[in-house]
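See structure below.
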Amino acid sequence: MASVTTIKTIENITGDTMVIINGEDSNIGTVIERNRYWHGSLRVPWIGDQSESWKALRIFVLGGYRDIIWVFQDYYRPPGENAIKYCVGEFSYKNAQEIQGNNRGGGDKIFRLSAIHGQVIHSIKLEMI
């Protein structure tokens, strides 16, 4: 049985403003200024194959970082784990990687996007509240 993952806090620990677009929710966007936090309730969309990319959360970092970061909850892989995954640039269900940290099992999470040496890192970390 699939477990819902809800992001309750987003920490933008970068020097750039970011915009998160929720594809599953009418492409509604949330702007988070640099070095700020957002608090609310954002359900991570389930995706089961490449054709469902439109549902994913899309993260745009305004500034020098040009790639889109795609975030979604994998419905099938690994089975029964509800892993949160991401990919950078083009969406690829097959090549998506699990986000570091406590990314499985559903529940309320904190989503942290951080930067090292002024560059947004491809390693995104989710932690339990």
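Observations, loosely collected:
- Residue count for region 3-20 satisfying the condition of being assigned to a strand (DSSP E or B) and within 20 Å of residue 103 (Cα to Cα): 10.
- Residue match in region 36-43 (condition: surrounded by 13 or more Cβ atoms within 10 Å (Cβ to Cβ) and in a loop (DSSP other than H, G, I, E, B)): no
- Subset of region 52-92 that is basic (Lys, Arg) and touching a strand residue (DSSP E or B) at 6+ places or on another chain (Cβ under 7 Å) - its residue that is farthest from residue 31 (Cα to Cα): 85
- Among the residues listed as 86, 75, 93, the single one being surrounded by 19 or more Cβ atoms within 10 Å (Cβ to Cβ), under 15 Å from residue 5 (Cβ atoms) and modelled with pLDDT of 90 or more: 86
Here's the yes/no breakdown for (1) surrounded by fewer than 20 Cβ atoms within 10 Å (Cβ to Cβ); (2) touching an Asp or Glu at 6+ places or on another chain (Cβ under 6 Å); (3) assigned to a strand (DSSP E or B); (4) modelled with pLDDT under 95:
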| position | (1), (2), (3), (4) |
| --- | --- |
| 54 | yes, no, no, no |
| 79 | yes, no, no, yes |
| 113 | no, no, yes, yes |
| 123 | yes, no, no, yes |
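The values are calculated or read from the model by the stated rules, or taken from the named source; none is laboratory data. Because the structure is predicted, anything quoted here is derived from the model rather than measured. Here the Cβ is made from the backbone with ideal geometry for all residues, glycine too, and neighbour counts use every protein chain on show.
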